[in-house]
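K.L.:
Dropping the structure in here first, questions after.
We did not get these values from a lab; they are worked out from the coordinates using the rules stated. What you see is a predicted model, and the numbers here were worked out from it, not measured in a lab. Virtual Cβ from ideal backbone geometry, glycine too; neighbours counted across all protein chains shown.
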Amino acid sequence: MSRSVLVTGGNRGIGRAIAEAFLAQGDAVAVTSRSGDAPEGAFAVPCEVTDPESVEAAFAAVEAHQGPVEILVANAGITRDTLVLRMTEDDWASVIDTNLSGSFRVAKRAAKGMLRLRRGRIIFISSVVGLLGSPGQVNYAASKAGLVGMARSLARELGSRSITANVVAPGFIETDMTAVLPEEQQAAYKDQIPLGRMGSTEEIASAVTWLAADNTGYVTGAVIPVDGGLGMGH
Ligand code: NDP
């Protein structure tokens with residue numbers, strides 16, 4: 001049966017692959033981004049996740065188009081990497097506001113409809129560095145670690161209504177976000193990955209669709225690493 005799915009940041013990269021995987025399953029998929037693009041077959045909605053009014057307007061549009069959101073994938077995210085002493089208040093605040101507060105805004109709004117439906121799946125896209133730490137990414141790692149606490153609190157708060165909240169923690173995945181890293185840095189990362197390669201966006205998408213499947217409703221508060229073994233033990 002077709003379900004109502006919303007993927008934030010679904011116009012490119014990991015979010016796009018997630019949207020395409022749900023579309024391939026026959027779900028009704030809405031995709032938000034700042035630009036408003038979407039893969040073919042998805043409902044494109046412009047949304048700035050740092051703006052609560054924009055989030056509200058996007059949910060209203062999605063609900064009018066395909067009904068209340070049953071599966072939310074909070075994927076939109078940014079980096080503003082620099083060493084801690086050079087990190088400005090703005091570098092810190094913009095990453096926290098997009099990655100952590102943006103995920104809070106969409107999860108809160110989605111939970112409203114899910115509570116009425118008495119079912120739902122909330123999936124946050126975190127990162128291996130949220131648990132491992134990473135030099136130059138104090139803001140980003142903090143935002144991604146915060147998603148774990150948020151998901152686990154939501155899992156406890158909403159579990160009695162059959163709403164699950166889980167985290168997927170990707171390792172280094174080939175997208176625009178990692179393409180900007182210098183080649184030496186990419187090679188150094190690959191050396192630390194037991195599988196010796198970067199991951200594909202499709203490999204993240206399959207973990208997300210698994211967490212949203214009809215028969216995985218007993219998985220909640222979990223952190224699923226999809227990182228080639230990079231974060232083992234965390
Ligand atoms: P991209 O940079 O390719 O895409 C980021 C997406 O987020 C875009 O769709 C972008 O929309 C959207 N976005 C960013 N800021 C906002 C905002 N303020 N409001 C609305 N949408 C916004 O990233 P990836 O696909 O690589 O990453 C997706 C997620 O996966 C991120 O949360 C990232 O932190 C996480 N991740 C990525 C890893 C990787 O190796 N690539 C590893 C671990 C985690 P627009 O096009 O309009 O700018």
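K.L.:
Can you give me the Cα centroid spacing of region 210-234 and region 145-185 in angstrom?
P.N.:
Cα centroid to Cα centroid, the span is 10 Å.
K.L.:
State the Cα centre-to-centre distance between region 8-26 and region 53-93 in whole Å.
P.N.:
The distance from the Cα centre of region 8-26 to that of region 53-93 comes to 16 Å.
K.L.:
Taking Cα pairs under 8 Å and at least six residues apart, what relative contact order does the chain come out at, in percent?
P.N.:
Across the chain, relative contact order equals 19 percent.
K.L.:
Counting other C-beta atoms within 10 Å, which of MET177, MET150 has the fewest, and how do the rest follow?
P.N.:
MET177, MET150
K.L.:
Can I ask one more? Okay, helix-only estimate at 222 nm for the chain: each DSSP H run of n ≥ 4 adds -39500 (n - 2.57), divide by all residues, round to 500 deg cm²/dmol; what do you get?
P.N.:
The helix contribution divided over the chain gives -13000 deg cm²/dmol.
K.L.:
Where the only charges are on Cβ atoms (+1 Lys, Arg; -1 Asp, Glu), what is the dipole of the chain about its Cα centre, to the nearest 20 debye?
P.N.:
Rounded to the nearest 20 debye, it is 960 debye.
K.L.:
Please list 3J(HN,Hα) in residue order for region 173-179, calculated via the Karplus relation 6.51 cos²θ - 1.76 cosθ + 1.60 where θ = phi - 60°; whole Hz, with x for glycine and proline.
P.N.:
My calculation for region 173-179 gives 10, 6, 8, 4, 5, 8, 4 Hz in order.
K.L.:
Sort the following peptides by mean Cβ neighbour count (other Cβ atoms within 10 Å, averaged over residues), highest first: 194-200, 161-167, 24-30.
P.N.:
For the peptides 194-200, 161-167, 24-30, the packing ranking is 161-167, 24-30, 194-200.
K.L.:
How long are the three semi-axes of the equivalent ellipsoid of the chain, in whole Å, if each is the root of 5 times an eigenvalue of the C-alpha gyration tensor, listed from largest down?
P.N.:
In descending order the semi-axes read 27, 19, 18 Å.
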